[in-house]
Amino acid sequence: MTLEEIATYIVSDGKGILAADESNPTCGKRFDSIGVESTEENRRDYREMLFRSEGMNGNIGGVILFDETIRQSASDGTLLRDLISDQGALPGIKVDKGLQPIEDCPGETVTVGLDGLDDRLKEYTEMGAKFTKWRAVIKIGDGIPTDECIDANMDALAKYAKSAQNNGMVPIVEPEVLMDGDHSAKECFQKTSEVIKKCFEELILHKVDLKGVILKPNMILAGNKSKEKISNEEVAKLTLDCL
């Protein structure tokens, strides 16, 4: 499959993306809430349950995996990534390494993971991964986001996307403006528009094939501490207007 064919398949009508890429600490928090110990076996059983469910077939175009999961086998020895393929979905992999504070930019972070990325992508390609995910995090607050934060994150996103395509995988590009804070929906719209514009400028600059990219944007929402909420219809309209 070409990059364009992979991207089109994942987001084809009636299909969605299953995010099963929780890190072990995050999965542990969810298991703690239901009194289940976060062992490798329990995490495997949980994901196997998801991947074997009848609802997968025909509804899920792609599944984002964590490094542990793409290497695991089901209880009967079948690789979990093969279970996904048998359900008609494509296996993908999260490849960023999380957030790192930006020097001289209090409260802001840049997503890291470019070091050694090409080697990791080559290994994941051999495992059958067809797409990747990288998440940049942008906060709205007093004096932020700064240009430095936006530039650093969008540059990293574009470099990641180019590397993914060089290894035959479709990059999911996720420039996420967080809903944390007391900002208005208008502010969210303005900053999200700015971030997405910069994102595509960097993708074009790094010669990324846009037909082989999946954009995963945030919704346009007032901050979770804002008293000025907007309707679901307004959220939908503003989010589409932003793209």
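Things to note:
- Near the amide H of LEU79, within less than 5 Å, lie the amide hydrogens of ALA74, all on another chain or at least 5 residues away, with H placed in the peptide plane.
- Förster-model FRET efficiency, 25 Å R0, LEU114 and LYS211, C-beta, rounded to 0.05: 0.60
- Cα-centred dipole magnitude for the range 122-175, charges only on beta-carbon of K, R (+1) and D, E (-1), debye, nearest 20: 320
- Here the extension length gained between ARG71 and LYS159 equals 29.1 nm, from 0.36 nm per residue of separation less the Cα-Cα distance.
- Farthest positive-ward along the range 79-161 dipole, Cα basis, beta-carbon charges - from GLY98, THR125, TYR160: THR125
- Helix 232-242 vs. the chain, principal-axis angle (Cα, 0 to 90°, nearest 10): 80
- Distance (nanometres) between label positions extended 7 Å along Cα→Cβ at GLN190 and THR2: 4.2
- Look at the dipole of the range 56-155 built from charges on Cβ: of LEU65, ILE140, ILE150, the Cα furthest out on the positive end belongs to LEU65.
- Reported to the nearest whole Å, the Cα centre-to-centre distance from the range 130-144 to the range 173-224 is 8.
- Relative contact order for the chain, counting Cα pairs under 8 Å that sit 6 or more residues apart, in percent: 17
- Phi-derived couplings, Karplus 6.51 cos²θ - 1.76 cosθ + 1.60 at θ = phi - 60°, listed residue by residue for the range 80-93: 4, 5, 6, 4, 4, 4, 5, 8, x, 10, 9, x, x, 8 Hz, with x used for Gly and Pro.
- Among the GluC sites (Glu not before Pro) found in the range 3-108, those both in a DSSP coil and sparsely packed, with 14 or fewer other Cβ atoms within 10 Å of their Cβ, are GLU37, GLU103.
- Entry comment: accessible area of the chain is 51 Å² per residue, from protein heavy atoms only and a probe of 1.4 Å.
- The mean sequence distance of close C-alpha pairs (under 8 Å, at least 6 residues apart), as a share of the length of the range 108-243, puts its relative contact order at 26 percent.
- The chain - Kirkwood radius from inverse mean 1/r over Cα pairs (Å): 19.0
- Stretching THR26 away from ASN224 to a fully extended chain increases their span by 69.1 nm, per 0.36 nm per residue minus the current alpha-carbon distance.
- For a label point 7 Å along the Cα-to-beta-carbon line of GLU148, residues of the range 97-117 with backbone N under 15 Å: 100-111
- Folded to 0 to 90 degrees: helix 147-166 orientation relative to the chain principal axis, Cα: 30
- Share of carbon and sulfur in the accessible area of the range 75-187 stands at 44%, probe radius 1.4 Å.
- Annotation: peptides 166-179, 119-132, 71-84, ranked by per-residue average of other Cβ atoms within 10 Å with the highest first, follow the order 166-179, 119-132, 71-84.
- Principal-axis analysis of the Cα atoms of the chain puts helix 117-126 at an angle of about 40° to the longest axis.
- At an R0 of 22 angstrom, the distance between the Cβ atoms of ASP82 and GLU123 translates into a FRET efficiency of 0.85.
The values are calculated or read from the model by the stated rules, or taken from the named source; none is laboratory data. All values reported here derive from a predicted model rather than from experimental measurement. Here Cβ is always computed from backbone atoms with ideal geometry, including for glycine, and neighbour counts include all displayed protein chains. Calculation scope for accessible area: heavy atoms of the full protein, side chains included, ligands and nucleic acids excluded. Shrake-Rupley method; radii C 1.70, N 1.55, O 1.52, S 1.80 Å.
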